[in-house]
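S.K.: The structure's right below; bear with me while I get my questions together.
The values are calculated or read from the model by the stated rules, or taken from the named source; none is laboratory data. Quick caveat: nothing in here was measured; it's all calculated off a predicted structure. Ideal geometry is used to build each Cβ from the backbone, glycine not excepted, and the neighbour counts take in all protein chains shown.
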């Protein structure tokens, strides 16, 4: 494959590791850095180019690491800085880039910065967080709601003011309008960059800078109960505020100060128009603002094609697209579209124009796991029970082998493990028709065929059952035909078959598409 130097991510594939659930090395039931190091051959063998590791920083774990109490260290649960250095070196030795999670919008309530901030109103770090006086009746300053349920404000008895938290009470919001805060977080970025890290995925960026005037959010006319309480309001004064882009540009300048330039991926949920703004007015913000459009899209060919074409049309000139099919917060693709269509979804993800991100276990066809009530640990599910918002079902550990701990742990796993044989890594490695074998084959083909990594995109055919598109590069033309139906469908193009999602398929070049089949075809 062509190498692009500092732009390696344009041909690259990112593999997300949720460390608690990847591999446990010490028998405590929770994955760790040494466990990641021990399983890097799986990721490299799959064909990924980079790993993104969800937070492993010191944390009280109120939100499982997204409540950071120290940006520049490792929580003992996961190891220490030396364990991280070994993991980083082992990844680099396998040709894998390493991306970390940056959580800039909030800290833990136990972070030393917040402990100082709440100590008194005249503390030097008071303005490092968002503090406001109560409303005249003593209630919160406005109607803003926490993403995890209840008001986005908590009253502090000691100082008589409310502090803002867009997420849990234990996650106070940093005040990014304060230059000292910006300097401190940018300094944390440099700490890891200097250690050899190749980039960051930046968490919850749309919430970085809420409205300075604290205006109430208006009601959401389309709200329904299953969306969760926070969605009952439109977050126009808490999300995607204009200052956000100024501060992301500051992050980008830090990334640009290194050679080669470090990669920044941004997490922002919103409309297509909101999403593409995070590239920046001069492509000077994120290299890749995460595109989650496929996660929430209705799984029909006309709708999926519309999502692709709308996104492609909205991209600023020179911007590079990206695609995500699932992550640690959203239902797994096999549970959303069904196990048979999950193979089709994998082909879609790996053949659209742009950088794909794979969430650990997707290569196995892992599904959401039902969590017994007494095993629920996600604070979102605990705060808003029965709405289907809990994230535990998508965070369950990987089953590497059989046995009580499924090769993940010698202890009691922190969440239940799906140990069905078809979900085990060792079983799938030995099965040429398995989901894992399909992913490995598709990634190898993507690496070989520049048309599938760097090529242009255009729709070739679309009907109620089949979506077919072309990828082309330097005269090489490849079609991808996806049958979303449970019936055989005509193949809309003519050419040589390169790969099929159908296990053990023996297709002639012009044979019709089998039910649920995706096929990659070399065009004349």
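S.K.: Considering only region 338-358, state which residues are surrounded by fewer than 22 Cβ atoms within 10 Å (Cβ to Cβ) and more than 20 Å from residue 468 (Cβ to Cβ).
M.R.: Across region 338-358, the qualifying residues are 338, 339.
S.K.: While we're here: What is the residue count in region 237-246 for residues that are farther than 11 Å from residue 280 by Cα and buried (at least 16 other Cβ atoms within 10 Å of the Cβ)?
M.R.: Going through region 237-246 one residue at a time, the tally reaches 5.
S.K.: In region 408-433, what count of residues is obtained for those that are touching a residue at least 60 places away in the same chain (Cβ under 8 Å) and over 24 Å from residue 330 (Cβ atoms)?
M.R.: So the count comes out to 6.
S.K.: Scan region 105-138 for residues that are crowded, with 18+ Cβ neighbours inside 10 Å and in a strand (DSSP E or B) and report the count.
M.R.: 3
S.K.: Just give me the residues in region 309-337 being in a loop (DSSP other than H, G, I, E, B) and surrounded by 22 or more Cβ atoms within 10 Å (Cβ to Cβ), in sequence order.
M.R.: 325, 326, 332
S.K.: Then there's this: Check 451, 502 and return the single one that is modelled with pLDDT under 95, outside the structural domain of residue 307 (by TED's automatic domain parsing), crowded, with 17+ Cβ neighbours inside 10 Å and touching a strand residue (DSSP E or B) at 6+ places or on another chain (Cβ under 9 Å).
M.R.: Every option except 502 fails the conditions.
S.K.: Among the helices (runs of 4 or more DSSP H) lying completely within region 1-104, list those that include at least 2 residues that are under 22 Å from the mean Cα position of the chain (by Cα) and surrounded by fewer than 17 Cβ atoms within 10 Å (Cβ to Cβ).
M.R.: Filter on region 1-104 gives 40-46.
S.K.: Run down 63, 133, 80, 73 and say which single residue is out of contact with any helix residue (DSSP H, G or I) (no Cβ under 7 Å at 6 or more places or on another chain) and either closer than 20 Å to residue 202 by Cα or not assigned by TED's automatic domain parsing to the domain that holds residue 195 (or both).
M.R.: 133
S.K.: All but one of (1) assigned to a helix (DSSP H, G or I); (2) in contact with a strand residue (DSSP E or B) (Cβ under 9 Å, 6 or more places away or on another chain); (3) surrounded by fewer than 16 Cβ atoms within 10 Å (Cβ to Cβ) hold for residue 426; state the number of the condition that does not hold.
M.R.: (2)
S.K.: Of all residues in region 379-404, count the ones that are assigned to a helix (DSSP H, G or I) and either assigned by TED's automatic domain parsing to the domain that holds residue 148 or under 15 Å from residue 361 (Cβ atoms) (or both).
M.R.: 3
S.K.: Go through the residues of region 139-153 one by one and say whether even a single one is part of a loop (DSSP other than H, G, I, E, B), free of Cβ contacts under 8 Å to residues at least 40 places away in the same chain and surrounded by fewer than 22 Cβ atoms within 10 Å (Cβ to Cβ).
M.R.: Yes, region 139-153 has at least one match.
S.K.: Taking into account only those residues within region 454-475 that are without any contact (Cβ under 8 Å) to a residue 40 or more places away in the chain and assigned to a strand (DSSP E or B), which is surrounded by the most Cβ atoms within 10 Å (Cβ to Cβ)?
M.R.: The extreme case among them is 468.
S.K.: Hey, among 376, 394, 384, which residue is modelled with pLDDT of 95 or more and touching a helix residue (DSSP H, G or I) at 6+ places or on another chain (Cβ under 7 Å)?
M.R.: Matching residue, one of 376, 394, 384: 376.
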